[in-house]
Amino acid sequence: SQSFLHGDAIDARIRWDFSTSGFDDKDWQKVSTSPRDSVKLVAQVGPKVQKTDELPPREMWKLDNGDWVFDLGQNMVGVVRLKIRGKAGDQVTLRHGEMLNADRSVYLTNLRSAKATDKFILSGGNDELEPPFTLHGFRYVQVSGLKGKPSRETITGVVYHSNTRPTGEFSCSHAKLNQLQHNIIWGQKGNFVEVPTDCPQRDERLGWMGDAQVFVRTATFNMDVAGFFNRWMVDVADAQLPDGTYTDVVPDILAGTPHKHGSPAWEDAGVICPWTIYLAYGDVRILENQYESMCRFIDHLDRMCDNGVHPDFGYGDWLAIGSHTDKQLIGTAYSAYSISLMRKIALILGRHEDERRFAQLFDKFKAAFNREFVTPAGRLTSASQTAAVLALCFNLVDEPVRSRITAWLANDIATRGVITTGFVGCNLILPTLSQIGRDDLAWMLLTNEKFPSWLFSVNHGATTIWERWDGWTPEKGFQDPGMNSFNHYAYGSCGQWMYARIGGIDCDEQFPGYKRVIVDPVVVKGLTSAKASLEGPYGRVAVEWKISGGKFTIKLTIPPNSTALVRLPGEYVSGDLDASVPRHRFRGRTVIDLPSGTYRLVSSLTQ
């Protein structure tokens, strides 16, 4: 028997290969489809799910009940290959989990109803067994039924995910951020399996739209996800409801249930993801292909919202700790943002009448945001970091309100010293702080090791991104097992800031696909070097910089047919600049426009 969620059961005494042309299927039941006539089969597009790596166990130990536990050292998605010799008819059972209980047995409670168990009946010879019809999310494997002491060759972790080739690399002088980057990449691997899932281990594994939209920008740095998202956006349009609502999960596995679709920040993925893929790869076709679907969505927003104010429903700032953000504020802000993106998309596609309509609609929603969620004193009705970053990042407030919200946000972060956002604000808070000139606060949040923080889980042995800030704490142990994944990628959305501001590689919205590269690395206390590269549509972009002896030295590679806008800290001192290359000073930095090529530039750190 086979089950994607529960696992495989294989009897090695039965030798048959259904994948060969000579296989006799006379005893198989006839395949039926439902509905039979309405299903249209089309050719598959996008990268296939494939085996990409193999992991040997790092450690193994025996439990009091006789079971053996193997630690692969990495939370992964895939299966275990079992190599064993035993008596014919002996059964070996493998259970898969992400964490350990206090007695060092495998923690399974957070899997909910998913059994995540493979059972093998041995043939009596040398068996090499690998489940073909399931995938598990796990780091630890608990094996029962072994006779004698196993070796580290007994099991091998076989990693599977959609074969999106790696395109980006990032490292810096902060060792724990390098581990965080490692965790982000493995979270992306484990959850980019045909569709962008929320988690790979429990009885869910759904294509949640909100998770995808907060992470998509980071995903484009790490791997080539153009084909992956182009394919998934076809699914998004297919799942769209007749009234224009985008479903919260795609494919819509919740169809026929009482679930109410259209949650703010979740359904907005239908616009945000195509826009982000266009920015990263410069291919306008995803905008063209999704345009009619996105227009239906915007029309739905306008009908649903009361004079620009979104109804009070949805997930809010999912899993925020220490703050609350009004759901109507979130919905109104995200609706305005999606409309603002549609205005840009219409302009790119030459839909000038639509562009004018979207401009007017954005003004309507922006006015509603200020009317409903900004007090006469210029404060937001929700005193939360998420509310502030939505207002600032989405350009929903003007002066002097903008300055007041900016000051409030900086003071709140400096006073608290920790992040309080959930999924909705986590990808925006660091870029917003840079936008308002507070790289120091962004760096403080990113490198904070107190709870809640990105490095809290790193300090407690995480090898992927946790679903919750408090998935496990020394004081309380495991969180509610009803919803406590240790392989979610949403909070890994900080990766976009790490590439863009620490690594110094970002794209220019006016010249997408890294036709023009923005090189603007952050200089903050505690960071002395960084290296980042990206295989983009025009070739390899590479930045490597270090601080030494009061000087900032940077090496750049800009691919053919691209240019770079470079911002150096302080005064330019020396380098490979031709005398004809213009440069100027702006706010203490030296700004240089560079053609393609390889450069070494040095500047002082004097502001």
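The values are calculated or read from the model by the stated rules, or taken from the named source; none is laboratory data. All values derive from a computational prediction rather than experimental measurement. A quick note on method: Cβ atoms are made from the backbone with ideal geometry, for glycine too, and the neighbour counts reach across all protein chains shown. Just so you know, the surface numbers come from the protein's heavy atoms only, side chains and all, with ligands and any DNA or RNA stripped out. Shrake-Rupley method; radii C 1.70, N 1.55, O 1.52, S 1.80 Å.
Things to note:
- The candidates Glu128, Glu54, Glu194, arranged from most to least accessible area with a 1.4 Å probe in the full protein assembly, appear as Glu128, Glu54, Glu194.
- Using a cut-off of 21 Å between Cα atoms, the listed pairs Lys51/Lys83; Lys115/Lys149; Lys344/Lys515 include Lys115/Lys149 as exceeding that distance.
- Once the Cα-Cα distance is subtracted from the 0.36 nm per residue extended length, the Asp593 to Leu41 segment shows a gain of 193.7 nm.
- Estimated distance in nm for a label pair at Asp27 and Ser3, the labels positioned 7 Å out from Cα along Cα-to-Cβ: 2.3 nm
- Paramagnetic label zone (point 7 Å from Cα along Cα-to-C-beta, Thr473; backbone N under 16 Å) in the range 439-461: 449-460
- Residue ranking by accessible heavy-atom surface, 1.4 Å probe, largest first, among Thr563, Thr432 comes out as Thr563, Thr432.
- Nearest-ten-degree value, helix 352-373 long axis tilted from longest Cα axis of the chain: 90 degrees
- Degrees between helix 209-222 axis and first principal axis of the chain (Cα, 0 to 90, nearest 10): 80 degrees
- Residues Asn178 and Ser604, FRET efficiency given R0 of 22 Å [Cβ-Cβ distance, rounded to 0.05]: 0.20
- Annotation: for a label point projected 7 angstrom from Cα along Cα→Cβ of Leu100, residues of the range 56-73 with backbone N closer than 16 Å are 57-73.
- Label-point separation in nm, Asp203 to Ser403, each point 7 Å along Cα→Cβ: 5.7 nm
- The range 144-192 versus the range 91-120: alpha-carbon centroid distance in Å: 18 Å
- Compared with the dominant principal axis of the Cα atoms in the chain, helix 401-416 is inclined by about 50°.
- Full-extension gain in nm, Asn65 to Glu292, via 0.36 nm per residue minus C-alpha separation: 75.7 nm
- Available extension along the chain between Gln50 and His460 is 144.6 nm, counting 0.36 nm per residue and deducting the alpha carbon span.
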